[in-house]
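Inspection log for the structure reproduced underneath, given as structure tokens.
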Amino acid sequence: MPGDTFDIRTTTRSELIDVTPLVRAAVRKSGVQNGIACVFCPHTTAGLTIQENSDPRVRTDLSEHLAKLVPHDGPYINADNNSDAHIKSSMVGASLTIVIEGGKPVLGTWQAVYFCEFDGPRNRLLKVMVVPG
Amino acid sequence: MPGDTFDIRTTTRSELIDVTPLVRAAVRKSGVQNGIACVFCPHTTAGLTIQENSDPRVRTDLSEHLAKLVPHDGPYINADNNSDAHIKSSMVGASLTIVIEGGKPVLGTWQAVYFCEFDGPRNRLLKVMVVPG
Amino acid sequence: MPGDTFDIRTTTRSELIDVTPLVRAAVRKSGVQNGIACVFCPHTTAGLTIQENSDPRVRTDLSEHLAKLVPHDGPYINADNNSDAHIKSSMVGASLTIVIEGGKPVLGTWQAVYFCEFDGPRNRLLKVMVVPG
């Protein structure tokens with residue numbers, strides 16, 4: 001069975017968007033009880049991470065610290081003014097995998113899956129594929 | 001078949017714990033000859049990495065350099081005094097996947113799987129799910 | 001079915017090598033129509049990332065910025081003079097997973113899979129395992 005593809009509309013240059021409900025929906029639809037879900041970002045100026053779903057200040061600290069480590073204004077040689085977004089994408093990664101048990105992703109109590117926009121606002125895609133164990 | 005869940009007790013604020021024997025045990029128990037193992041950390045102030053299993057100074061250098069890039073004392077806006085742990089977690093990642101062949105994970109000679117505690121000491125969990133190829 | 005193992009010869013200390021054709025070949029050979037591909041680097045001074053396949057300056061910016069964040073000359077305590085390579089390996093990661101649909105990896109238009117050599121030149125291996133959805 002093909003996986004699921006979700007449309008994501010980002011609204012600022014850099015933001016973390018909670019896509020956990022999309023991952024849960026894809027797992028439910030697959031009918032897989034035990035297995036793994038591959039969550040994939042088909043873009044090179046965005047990525048995926050798992051972070052705390054509770055205090056939004058954790059995400060602010062993450063975004064601001066990444067911006068400190070990888071400043072927007074470089075210096076970089078790529079002329080598109082988005083090398084910081086490419087570098088951040090490689091640092092958090094474009095794919096992650098989550099264990100599925102009892103038909104659900106076994107995320108920890110405080111975990112959510114975030115789509116990391118680093119060069120928005122844009123229309124983005126998210127792919128989820130579930131494989132049985 | 002459900003995956004395996006392992007209890008891990010960490011003893012300091014920041015440490016790398018070799019969980020390769022747990023991954024090998026889960027793969028063996030699954031009976032899968034060829035496939036992949038998903039190793040998953042259900043926490044947002046810890047993570048997983050693959051690193052050298054031989055010279056412990058490599059892990060010290062890794063831990064100390066991450067602490068230099070992401071200092072414990074910030075400044076951060078999250079008041080829990082552990083934003084560094086959250087940021088490091090997103091940098092190394094909460095999941096990894098390993099190829100299985102001949103009933104074993106095909107880790108390189110020098111590779112071990114490490115649970116990265118960034119905000120211990122705590123009781124932690126590790127999940128492993130094996131899927132056939 | 002066992003996965004595929006590819007030999008990679010790197011030619012400089014630090015470089016990004018496009019291994020997308022190898023991943024595509026492994027997916028094709030597997031015959032899997034829908035599933036996921038696990039791409040795995042069995043080395044601790046190298047890694048894997050997905051980045052832009054078009055403007056090579058993006059990869060130069062990535063390599064040079066990683067070298068700025070993780071300088072070759074430390075200071076580090078490991079005496080092998082390659083702690084920077086180990087640290088970069090943990091930052092980009094040794095594994096990634098890609099969704100397969102219609103018998104092909106669903107990489108975005110601008111995405112390619114890169115083997116990240118951080119301590120070459122060396123003879124390296126790349127493993128790819130495909131599992132069905």
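The residue that is farthest from the other protein chains (Cβ to nearest Cβ), counting only those in the range A:114-133 that are open to solvent by less than 10 Å² (accessible area, probe 1.4 Å) and closer than 25 Å to B:Pro132 by Cα, is A:Leu126.
Condition check ((1) within 20 Å of B:Met129 (Cα to Cα); (2) within 13 Å of chain B (Cβ to nearest Cβ); (3) modelled with pLDDT of 95 or more; (4) in contact with a Gly (Cβ under 8 Å, 6 or more places away or on another chain)) across all residues:
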{"position": "A:Gln33", "(1), (2), (3), (4)": "yes, yes, yes, yes"}
{"position": "A:Ser54", "(1), (2), (3), (4)": "no, yes, no, no"}
{"position": "A:Asn82", "(1), (2), (3), (4)": "no, no, yes, no"}
{"position": "A:Leu96", "(1), (2), (3), (4)": "yes, yes, yes, yes"}
{"position": "A:Val99", "(1), (2), (3), (4)": "yes, yes, yes, yes"}
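Of all residues in the range B:1-21, those that are of a type outside the set (Ser, Thr, Tyr) and more than 15 Å from B:Asn53 (Cα to Cα) total 9. Any residue at all in the range B:7-18 that is out of contact with any Ser or Thr (no Cβ under 9 Å at 6 or more places or on another chain), among the aliphatic types (A, V, I, L, M) and closer than 24 Å to A:Ala112 by Cα? So far as the range B:7-18 goes, yes, one or more of its residues are out of contact with any Ser or Thr (no Cβ under 9 Å at 6 or more places or on another chain), among the aliphatic types (A, V, I, L, M) and closer than 24 Å to A:Ala112 by Cα.
Considering B:Pro75, B:Pro21, B:Pro42, the condition of being part of a loop (DSSP other than H, G, I, E, B) and surrounded by fewer than 19 Cβ atoms within 10 Å (Cβ to Cβ) is satisfied by B:Pro75 alone. For the range A:44-79, filtering for residues that are over 25 Å from B:Leu96 (Cβ atoms) and in contact with a Lys or Arg (Cβ under 9 Å, 6 or more places away or on another chain) leaves 6. Annotation note: Cβ proximity below 8 Å between a residue of the range B:70-90 that is aromatic (Phe, Trp, Tyr) and a residue that is not in a loop (DSSP other than H, G, I, E, B) (sequence gap 6+ or interchain) occurs for B:Tyr76/A:Arg57; B:Tyr76/A:Asp61; B:Tyr76/A:His65; B:Tyr76/B:Ser83; B:Tyr76/B:Asp84.
Taking (1) small (Gly, Ala, Ser); (2) within 12 Å of chain C (Cβ to nearest Cβ); (3) not in a helix (DSSP H, G or I) in turn, B:Ala67 satisfies each apart from (3).
To keep it simple, each residue is scored yes or no on (1) closer than 29 Å to C:Asp55 by Cβ; (2) of a type in the set (Ser, Thr, Tyr).
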residue	(1), (2)
A:Ala25	no, no
A:Arg28	no, no
A:Pro42	yes, no
A:Thr45	yes, yes
A:Gln51	no, no
A:Gly74	yes, no
A:Pro105	no, no
A:Phe115	yes, no
A:Leu125	yes, no
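Number of residues in the range A:51-72 that are open to solvent by 10 Å² or more (accessible area, probe 1.4 Å) and among the hydrophobic types (A, V, I, L, M, F, W, C): the value is 2.
The values are calculated or read from the model by the stated rules, or taken from the named source; none is laboratory data. Treat the numbers as computed from the prediction; the structure is a model and nothing was measured. Cβ sites come from the backbone with ideal geometry, for glycine too, and all protein chains shown count toward neighbours. Surface accessibility is based on the protein's heavy atoms, side chains included, excluding ligands, DNA and RNA. Shrake-Rupley method; radii C 1.70, N 1.55, O 1.52, S 1.80 Å.
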